[in-house]
1. Let me spell it out: the conditions are (1) in contact (Cβ under 8 Å) with a residue 12 or more places away in the chain; (2) surrounded by fewer than 19 Cβ atoms within 10 Å (Cβ to Cβ); (3) more than 24 Å from Asn381 (Cα to Cα), and Pro296 meets all of them except one. Which number is the exception?
2. Please find, among Phe110, Phe146, Phe97, the residue that is closer than 27 Å to Lys76 by Cβ and aromatic (Phe, Trp, Tyr).
3. Would you say Lys597 is outside any helix (DSSP H, G or I), among the basic types (Lys, Arg) and over 43 Å from the mean Cα position of the chain (by Cα)?
4. Read through the list (1) surrounded by fewer than 22 Cβ atoms within 10 Å (Cβ to Cβ); (2) polar (S, T, N, Q); (3) modelled with pLDDT of 95 or more, then give the number of the only condition that Ser365 fails.
5. Collect the residues in the stretch 191-205 that are over 26 Å from the mean Cα position of the chain (by Cα), touching a residue at least 60 places away in the same chain (Cβ under 8 Å) and under 15 Å from Glu447 (Cα atoms), keeping them in residue-number order.
6. For the stretch 635-650, check the following and say yes or no: at least one residue is touching a residue at least 12 places away in the same chain (Cβ under 8 Å), part of a strand (DSSP E or B), under 21 Å from Ser613 (Cβ atoms) and in the same structural domain as Ile556 (by TED's automatic domain parsing).
7. Just to be sure, is Asn521 in contact with a helix residue (DSSP H, G or I) (Cβ under 7 Å, 6 or more places away or on another chain), crowded, with 16+ Cβ neighbours inside 10 Å, part of a loop (DSSP other than H, G, I, E, B) and touching a residue at least 60 places away in the same chain (Cβ under 8 Å)?
8. Need at least 2 residues that are within 23 Å of Asp235 (Cβ to Cβ) per element, so show me which strands (runs of 3 or more DSSP E) inside the stretch 380-466 make the cut, counting only ones lying wholly within it.
Amino acid sequence: MKKFTLICILALTGVLYNLQAQYVTDYKRTADQYFEQKDYYSAAQYYSKALGTFNVKPGEYRPYQVEHSGKKKQQKLKDYEQVVYRLAESYRMYNDFGNAEKYYGEAVQFDSTLFPHARYWYGLTIRANAKKSEDYERAWEQLSAFRRGQKSYDEYSKKADMEIKNCEFAIEEMKYPPRYEVVKVSGNINQGGANYAIVPVADRMVYFTSSRPDSLLLAKKANPFVNTLYVAMGDNANYESREKVAIPTDKGIEQGAAAITPDGKTLFLTRWNSKDGSKKSSIYRSTRTGNGWSEPQPLDATINAPGYSSKEPSVSSDGKYFLFVSDRSGGKGGFDIWYASIGSGGTLSAAQHIGATLNSDGDESAPFYDPAKQTLIFSSNGRVGFGGQDFYSAKSAGNFGGWSTPQNMGYPINSAKDDQYYTGLSPDNALNKGFISSDRESVCCLEIFAVKRRAKMAGGMVLDCETNKPLAGAKITLLDSTQRNVLETQTTGFGGNYTFEIEMNKKYKVLIEKDNYFSKNFTFNSEQLTMVDSMMNPTVCLKRFEIDKPIVLNDIFYDYNKATLRPESKLILDSLYFLLLDNPKMEIELGAHTDSKGTDAYNLKLSNNRAKSCVDYLISKGIEQKRIVSKGYGETRPVAPNTLPNGSDNPDGRQQNRRTEFKVLRN
């Protein structure tokens, strides 16, 4: 009886083992099929079921279990490894980076020759889930370990290097206080599906794009997640979605990512079409008809280049520029920013590439231009940042050109996820208050956030050096750390004051100019703004000059009866050197004078040589020769008597006459 019972138990165990093996095979086979079909959500569900049939649980795996086990167990553990890795891949492919990180963390223990990219993806998913500096540090460690293990440089090595730079950048940037306040918009605007790309339309009214489920399509058992334009009403980061925008369209057509002209009469929008499994986008135009819009018509081939995608239109608030992104030929790589001028009657010029300065080898997205500040904001995944799509800003030198190098807009307007579709709430305050779209708080989809810039101020005062009174009408120019890109200009009022809105932990240069005054400049670092909201720069005084009026350079000394400059004289000439640097267009004459001792010819020669010594010194320091003229006057222009009325020597007078001076010839 005992023997019979034992046989039954063994038989039942074999049946259960075979059933378990069958379940593993069935779940894994089904998951593999979904994976190959790129249905990663379904694949993840079945890989998860397959994983549940193993005795080995996540976090308990040990590599030696494979090395020192029987043949069947070895195969079972290898199946386990494949399921874990495919599960991690499936989660990543539909952007569930939280679960992906968990299983890639398990996979880094597997044989790296069988799973060579596990550690790269582990580091990337840690970075994609990063909320604080410590997370970026963990990601950096994994990505750096991956690079150390690479025996050759390939595409994954290149990507890892970029991600390592992202981590280093984020770690440094997150040391400083936030530059923006970012709040997820409340109400029902973020309800269901993806919600993004807000467009202010009127007071308290916005349009936005959403892929929320369509009840009519659900009833027809069609795909309900179709991008469509919706209307929302509200303010103060609370918006209620009302209905779809009244645009004639066939059911199932995807459209959104729109822009409206300043007069509110023209709507540009993106429409997506799928053909042969490939999704292409084009930009359409619609005109207002009563309370709705006309049937959208595609823009011509100047904007919608045949065979390529064009999308994400934007119109500047002055109505002069139409911007969009496209992967058309002639770009730098991926989706680039293009633009056209808007003429009379709304006509668009031929599209032009906005330039290599702004576009990267990756994808640029959703440009927004503020003409008041001549500043462009856009998103990009081709530059060093926090990861994914980040916001960058660049300033035009004028006429929508001469762009400065794009600057990352920092934390928390940027996150480890995708951050796109910046738009200003109003034209007069576009860069300080607006909306963004981000999937930072979602597994799958973009959501809408309100943003407000935390203003940091720096200012100062300009005085007249002679009167010590405030100097009105001085032009103040703020430049970035390169000292080439103009950020803003102001003119001082009666109080001689100026104030700029600046970023924290940045270096700046201030140039102060006024007609008939010598210009000055100085640099400063805004690091102290991490502790306060404003800072004052030193008060600066400008000295007035008149063309052709000599200015004496005191304490310029030469060796006796020679033109050789003494060391202490060079210190005084250095101040003139810096004055010339501050006034790069200024041309001067540098003149030397003597007293009356000696012959006229001797004194003229000596003064010429002394003036030339001063000029040669300034040229040796880098001042262009064409900007300085040397002139010796000998004893011909005394400013004091060389002798007293009784005919005796006047040492003080002769001292005043032995002088070096300069005068401005041209400014």
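The values are calculated or read from the model by the stated rules, or taken from the named source; none is laboratory data. It should be emphasised that the depicted structure is a prediction, and the values quoted were computed from it without experimental measurement. For neighbour counting, all protein chains shown are included, and Cβ atoms are generated from backbone atoms with ideal geometry for every residue, glycine included.
1. (2)
2. Values: Phe146 fails: closer than 27 Å to Lys76 by Cβ; Phe97 fails: closer than 27 Å to Lys76 by Cβ.
Answer to the selection: Phe110.
3. Numbers: outside any helix (DSSP H, G or I): yes; among the basic types (Lys, Arg): yes; over 43 Å from the mean Cα position of the chain (by Cα): yes.
Answer is yes for this residue.
4. Unmet condition: (1).
5. First, pick out the residues of the stretch 191-205 that are over 26 Å from the mean Cα position of the chain (by Cα): 191-193, 201-205.
Among the residues that remain, those that are also touching a residue at least 60 places away in the same chain (Cβ under 8 Å) are: 193, 201-202.
Of everything in the stretch 191-205, just one residue is over 26 Å from the mean Cα position of the chain (by Cα), touching a residue at least 60 places away in the same chain (Cβ under 8 Å) and under 15 Å from Glu447 (Cα atoms), namely Gly193.
6. Scanning the stretch 635-650 turns up no residue that is touching a residue at least 12 places away in the same chain (Cβ under 8 Å), part of a strand (DSSP E or B), under 21 Å from Ser613 (Cβ atoms) and in the same structural domain as Ile556 (by TED's automatic domain parsing).
7. Numbers: in contact with a helix residue (DSSP H, G or I) (Cβ under 7 Å, 6 or more places away or on another chain): yes; crowded, with 16+ Cβ neighbours inside 10 Å: yes; part of a loop (DSSP other than H, G, I, E, B): no; touching a residue at least 60 places away in the same chain (Cβ under 8 Å): yes.
Here the answer is no, as Asn521 does not meet what is asked.
8. Values: elements: 390-395, 419-424, 433-438, 447-453, 456-464.
Strands (runs of 3 or more DSSP E) meeting the threshold: 419-424, 433-438, 447-453.
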